[in-house]
1. Over all directions, how big on average is the projection of the convex hull of the alpha-carbon atoms in the range 369-412, in square nanometres?
2. Treat the count of other C-beta atoms within 10 Å as a stand-in for reagent exposure and order 204, 212 from fewest to most.
3. Can you compute the helix-only [θ] at 222 nm over the chain? Use -39500 (n - 2.57) per DSSP H run of at least 4 residues, normalise by all residues, nearest 500 deg cm²/dmol.
4. Over the alpha carbons of the chain, what is the largest minus smallest coordinate on each principal axis, giving the biggest first in Å?
5. Hey, how much of the P(r) for the range 294-414 falls beyond 27 Å, as a percent of Cα pairs?
6. Taking a ≥ b ≥ c as the square roots of the eigenvalues of the Cα gyration tensor of the range 12-97, is the shape rounded (a/c under 1.5), prolate (a/b larger than b/c) or oblate?
7. Can you give the angle from 0 to 90° between the axis of helix 347-359 and the longest principal axis of the chain, with both taken from C-alpha atoms, to the nearest 10?
8. Need one number for the range 201-346: average projected area of the convex hull over its C-alpha atoms, nm².
């Protein structure tokens, strides 16, 4: 199994990139060791994309800076006090961190020393599938036996789960997020038990850290399964301050073949937490969402409210005009998921509406106030009322009346 894993790593394009090989050459000069660690190794073995590459080295932080500079690379002391230096090589940033081991542990303020022991460095990491190392030739180092867990897609804490969590309570959310992204089968019972026992630690985390982790979780393939387990452990309510519509979210994720948007965190939060509009404000504040993320959730909720009002479904043109294409898509998907959770959805009807929204150009009202002024109208409240009346007539026509037809109508309207 190890030989097959090494063959997989040796064939990885990122390992043969000139940039990373230059970093290896610089760090290994003078007898130091360097290996890729964590996500890049894990993702390669599991067939996932590798967005970035982290490197661990026996070189001390100041030596990393010196060795990189001597080799003509650009070191940036992004976290040198914690042993991390970003090395720019061939235009690509590589995060390089000295091997570390804990001396005293108090959460994220743990006292560490830099050393040369790969096993001790591995022991301070979070999950066994993340404690895998590969050298510049693709040779694998597995000091804690994490390869079997990785290939089996088992997410297990390293050592005692309660201890790992107390070192950093964000690892509770990471446990569910990593499972949602890479896991398979049942979640690790020991890990779930530790998350349940340590759950009050989430209350001490910053909103930014919780929000960042939760957004990544919602984008993962098994998010619905992980969120249901989180909810059973009481973690969702602690993280968000509210309840979760899990059945609706489960239904939303079944629509992925029709809409990749179901993995978007904004839509996920809208479906999970959007009982009333005020819920969106609460979740946005809890997760420190950006203005753009907040606006998207609000537009999706407003579009969904129109759809929920009963009667015939509004046209794609009407939804796109009122809420924008993204808002129309989000509102339609949220409403579709809600009905699907109750076995009341007409999938053919909603599928057609979704396609129409994607194809619909945004209608543009052809008459401006200046057009009415040129025809002799005077500025004032009456002009605004007239514009509004013309817009209503234009909407009623299915957005088909052109400018000339609307100006003709204006002549007959008071």
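Bear in mind that the values in this text are calculations on the coordinates, not laboratory data. Computed from a prediction, not measured in an experiment: that's the story for all the values here. Virtual Cβ from ideal backbone geometry, glycine too; neighbours counted across all protein chains shown.
1. Averaged projected area of the range 369-412's Cα convex hull equals 2.8 nm².
2. Least to most surrounded, the residues fall as 204, 212.
3. Calculated at 222 nm, the ellipticity per residue is -16500 deg cm²/dmol.
4. Sorted from largest, the Cα extents of the chain read 90, 49, 39 Å.
5. Result for the distance tail: 32 percent.
6. Prolate, since a/c reaches 1.5 and a/b exceeds b/c.
7. Helix 347-359 and the main axis of the chain meet at about 90 degrees.
8. Result: 8.4 nm².
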